[in-house]
Every structure is written in C-alpha cells, then in structure tokens.
Amino acid sequence: MTLVLALPGAAPLAAQLASRLACEHALVDVHRFPDGEQRVRVDAPVAGRPVVLVADLAHPDDKVLPLLFAVDVLRELGATRVGLVAPYLPYLRQDSRFHPGEAVSSRTFARLLSDRFDFLVTVEPHLHRWHSLADIFRPPSCAVSAAKPMAQWIRRHVERPHLVGPDTESRQWVARIAAELDAPFTVLHKARSGDAEVRIEDAHALPPGFTPVVVDDIVSSGGTLLAAAGMARAGHCVCVHALHDAVAAQRLAAAGIALASCDTVAHPSNAITVVAELAAAVRALGFP
Ligand code: R5P
C-alpha cells in the first residue's frame with residue numbers, strides 16, 4: 001500500500017493528497033543541528049511499499065539536501081519506488097546562459113532529481129526555453145496545469161474578467177485560463193532592470209466593461225504584479241506559486257492588489273487548491 005510522506009512544510013498538502021489517494025500519510029522528521037546541518041529520519045514502515053514524497057521546495061536551498069537524504073534513506077529502508085510531488089519546482093527560470101559564465105541551474109537541478117526519483121509531479125513549471133519537463137528530467141513526469149482551478153476561482157470572484165499577462169512568458173498561462181473562461185486576454189511586455197525593478201513597456205488601454213485580472217505563474221519580489229496591475233488598473237491578481245515575503249505582500253496590499261494564489265506553496269494568499277489535479281497526476285503515473 002502506497003505511503004505519502006511529507007517533508008517539513010508540506011504536511012497539510014500531503015495529508016490532503018493522501019486522503020484523495022485513499023492511502024496513509026506520515027512525516028519525515030528533519031532535525032537541524034546547532035551548526036546548521038540537518039538530520040533526516042523516517043519512522044514510518046516503508047519496506048516493500050511505494051512512497052510518494054511531498055516537498056515544498058520554495059526557497060529551496062535549505063530543503064534540497066534533506067530531500068536527497070530522504071530519498072536515499074527510503075531506498076535503503078526498502079521502499080519499492082519513490083516518486084516526488086514538488087508542486088513548485090525551483091531553479092527553472094535559469095534555463096539558459098543569459099550572460100557569459102552563468103550556470104544553467106535548471107539542468108543541474110533536474111539532473112539531481114532524475115538520478116534519484118522514479119517520477120516527478122509538479123504544477124505549472126516555469127518552462128520557457130525548455131519545452132517540456134522531459135527535456136531535462138529523465139524519469140516519467142507530469143506538469144500539472146492549474147488553469148482549471150484558477151479559472152474556477154476567477155469565475156466565482158470576478159465579473160466579466162479580462163485577463164492580463166505581464167510578459168510574453170505568461171502567455172501560456174493566461175491563454176489557457178482565458179480559454180477555460182471564454183474571456184479576452186492581453187499580454188503586456190515587461191522590462192526588468194533589477195531583481196525587483198520591473199516596468200511595463202507598452203501602454204495598453206483595456207476595453208471598457210471588463211474587470212482586469214493579472215495572471216502570472218510566480219510572485220517573487222512582487223515587482224511584476226505591481227507594474228502590471230498598475231498599468232492595467234487591476235485590483236485582482238491570481239498566481240500559481242506565491243514565493244514572496246511579508247514585505248512584498250504588504251507592498252501589494254498597499255497598492256490595492258488582492259492576490260489569490262494556488263496552494264503549491266504554503267502562503268497567506270492561498271485561495272485555490274490544486275490537490276485534485278495532483279492526485280490525478282499521481283494516479284496517472286501508476287500510484288498508488
Ligand atoms: C518571470 O519570468 C515570471 O513569470 C514572473 O513574472 C516573475 O518571476 C515574477 O517575479 P517578481 O515578483 O520578482 O517580479
């Protein structure tokens with residue numbers, strides 16, 4: 001019988017996933033020593049069982065080593081297969097050597113996971129120059145779409161929505177959600193001059209009679225949403241992965257922006273669940 005195991009930060013999502021899959025769930029214990037190193041311990045009985053490891057990989061640097069320790073110990077303890085559900089897959093934005101000497105982190109990170117896991121399920125990975133997860137991830141994988149739950153949220157909360165994507169990379173998300181809603185959409189052009197310095201390059205007058213809703217995959221500094229919502233005069237924003245901190249959240253709130261995010265990353269803005277989609281993907285990959 002499949003066991004769903006949560007790394008720290010992913011317990012609520014893992015419990016919901018296990019309930020959808022009708023299987024047991026447990027926690028991986030991670031202890032941090034005073035020097036910062038981490039010890040991983042699996043208490044649950046895993047011998048002879050397939051395991052689905054659920055990990056919140058937002059702000060990944062402290063979480064990746066425990067993840068690797070966990071998958072190794074699971075195999076040593078006799079788990080028959082170990083799949084990874086990482087609703088947010090980090091390090092994908094660096095999918096090219098944009099400037100001389102830069103590491104292509106998406107390739108390295110995918111290789112780390114490919115060597116260890118039997119499958120990967122994630123949500124709306126930031127694929128741009130890579131066309132699919134299979135370009136960089138060897139085992140079977142599934143990129144779950146959040147378009148339907150995001151569209152449902154918009155349908156319930158916004159009258160006559162006109163979707164706005166802040167940059168050309170957002171077209172893939174905006175177009176799919178707009179199709180679900182049968183709503184119009186506009187894609188803006190963004191110029192980034194620093195980590196948080198973003199400006200929209202084109203002035204767009206949106207058609208009257210609609211409510212603008214800015215849609216993006218990731219909120220990090222919040223600069224993109226601020227600029228796009230300012231240009232579109234939008235009060236509603238919807239994103240997949242909310243990675244931003246409290247300071248950025250305050251800045252968005254002060255600008256009159258109400259943000260609804262998916263529960264791929266635990267965040268106060270979570271309003272949209274993708275658990276049903278995650279469970280369907282895990283089942284499609286042959287678990288439980
Ligand atoms: C960019 O390629 C992404 O789709 C997001 O627009 C970006 O990561 C948002 O970052 P920030 O919130 O720092 O502007």
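Summary of values
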read-out	value
Matching residues, the stretch 187-215, being open to solvent by less than 10 Å² (accessible area, probe 1.4 Å) and either touching a Leu at 6+ places or on another chain (Cβ under 9 Å) or acidic (Asp, Glu) (or both)	213, 214, 215
Residue in the stretch 72-88 that is surrounded by fewer than 20 Cβ atoms within 10 Å (Cβ to Cβ), outside any loop (DSSP other than H, G, I, E, B), free of Cβ contacts under 8 Å to residues at least 60 places away in the same chain and touching a strand residue (DSSP E or B) at 6+ places or on another chain (Cβ under 8 Å) present	yes
Condition met for residue 123 (among the aliphatic types (A, V, I, L, M) and farther than 24 Å from residue 168 by Cβ)	no
Meets criteria (touching an Asp or Glu at 6+ places or on another chain (Cβ under 9 Å), open to solvent by less than 50 Å² (accessible area, probe 1.4 Å), of a type in the set (Gly, Ala, Ser) and within 16 Å of the ligand (Cβ to nearest atom)) for residue 165	yes
Any pair with Cβ under 6 angstrom, 6 or more apart, that starts in the stretch 1-27 at a residue that is closer than 17 Å to residue 87 by Cα and ends at one that is surrounded by fewer than 20 Cβ atoms within 10 Å (Cβ to Cβ) and at pLDDT below 95	21/288
Of residues in the stretch 72-111 being among the hydrophobic types (A, V, I, L, M, F, W, C) and touching a helix residue (DSSP H, G or I) at 6+ places or on another chain (Cβ under 7 Å), the one modelled with the lowest pLDDT	92
Scope the stretch 207-231; condition within 6 Å of the ligand (Cβ to nearest atom) and in a strand (DSSP E or B); matching residues	216, 217, 218, 219
Test result for residue 104, crowded, with 22+ Cβ neighbours inside 10 Å and either without any contact (Cβ under 8 Å) to a residue 12 or more places away in the chain or closer than 19 Å to residue 57 by Cα (or both)	no
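The values are calculated or read from the model by the stated rules, or taken from the named source; none is laboratory data. These figures come from a predicted structure and were not determined experimentally. Counting neighbours? That spans all protein chains shown, and the Cβs are built from the backbone with ideal geometry, glycine included. For accessibility, only protein heavy atoms count, side chains too; no ligands or nucleic acids. Shrake-Rupley method; radii C 1.70, N 1.55, O 1.52, S 1.80 Å.
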